[in-house]
Amino acid sequence: MITQSELKELLHYDPDTGIFTWKIKTCKKVCVGKIAGYVASNGYISFSINKKSYLAHRLAWLYVNGNFTKHTIDHINGNKKDNRIVNLREATKSENSWNRKLQVDNVSGIKGVYWHALRNKWMARIMVNNKQMYLGSFDDLKIAEKVILESRNKYHREFANHGN
């Protein structure tokens, strides 16, 4: 693992933009002053240092805080490419999953609310302490939305992404 001092010798990190630039030419592909990294297939910015791949958001955390966190680094605004330090926070895997965006196959438009065809009702559920909590079934989508938002605010607190 790279240390903070090694990282700072090789790269400059701008906390206001979240962008890393090379300070030293480490191989043929690296140009001093150029932006480091590429968008990997998982949507995160990644780059290699000494033949080891790193995620830019984890290196931003190391650069600013001096250590790698044992937790996940959550992108507060959900944008995997936004590595400004104000957009990064430590999170457990559960907390990070609470901050996920609305899934593309969601028909209700509300995170945690889905249509149950057999019951002909809107169903609401939320994850709490790694367990699924059933919140009820509803004829009215607006009521299901109200219940899920109240529960998300209560249990997920600052990680409560409402599906934006």
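At a glance:
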| quantity | calculated |
| --- | --- |
| Cα gyration tensor shape for the range 95-143, rounded if a/c is under 1.5, else prolate or oblate | oblate |
| Reachable aspartates and glutamates from Lys131, criterion Cα separation under 14 angstrom, eight or more residues apart if same chain | Glu95 |
| Net +/- balance of residues flanking Glu6 in space, Cβ distance below 15 Å, scoring K and R +1, D and E -1 | +4 |
| Shape of the range 1-44, Cα gyration tensor, a/c cut at 1.5 | rounded |
| 31 Å Cα-Cα threshold exceeded, pairs from Lys25/Lys101; Lys28/Lys70; Lys23/Lys81 | Lys25/Lys101; Lys28/Lys70 |
| Kirkwood Rh and Cα Rg combined as Rg over Rh, evaluated for the chain | 1.12 |
| Relative intensity, log₁₀ I(q)/I(0), of the range 70-115 from a Debye sum that treats every alpha carbon as a point, q = 0.21, 0.23 Å⁻¹ | -0.74, -0.81 |
| Angle in degrees between helix 56-65 and the longest Cα principal axis of the chain, rounded to the nearest 10 | 70 |
| Three-way shape label, the range 76-164, alpha-carbon gyration tensor, a/c 1.5 | prolate |
| Distance from the range 90-145 to the range 48-82 (C-alpha centre basis), Å | 29 |
| Helix-only [θ]222 nm of the chain, DSSP H runs n ≥ 4, -39500 (n - 2.57) each, per residue, nearest 500 | -7000 deg cm²/dmol |
| Principal-axis tilt of helix 141-156 within the chain, Cα atoms, nearest 10 degrees | 50 |
| Local net charge near Gly43, Cβ-Cβ under 9 Å (Lys/Arg +1, Asp/Glu -1) | +2 |
| Förster-model FRET efficiency, 25 Å R0, Asn130 and Arg100, C-beta, rounded to 0.05 | 0.95 |
| Per-pair calculated FRET efficiency, R0 = 22 Å: His116 and Asn153 via Cβ, rounded to 0.05 | 0.40 |
| Cβ-based net charge around Val113, under 12 Å, with every Lys or Arg adding one and every Asp or Glu removing one | +4 |
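Taken together, the values in this text are just the output of simple stated rules run on the coordinates, not laboratory data. These numbers come from a predicted model, not from an experiment. Note: ideal-geometry Cβ built from the backbone for every residue, glycine included; neighbour counts use all protein chains shown.
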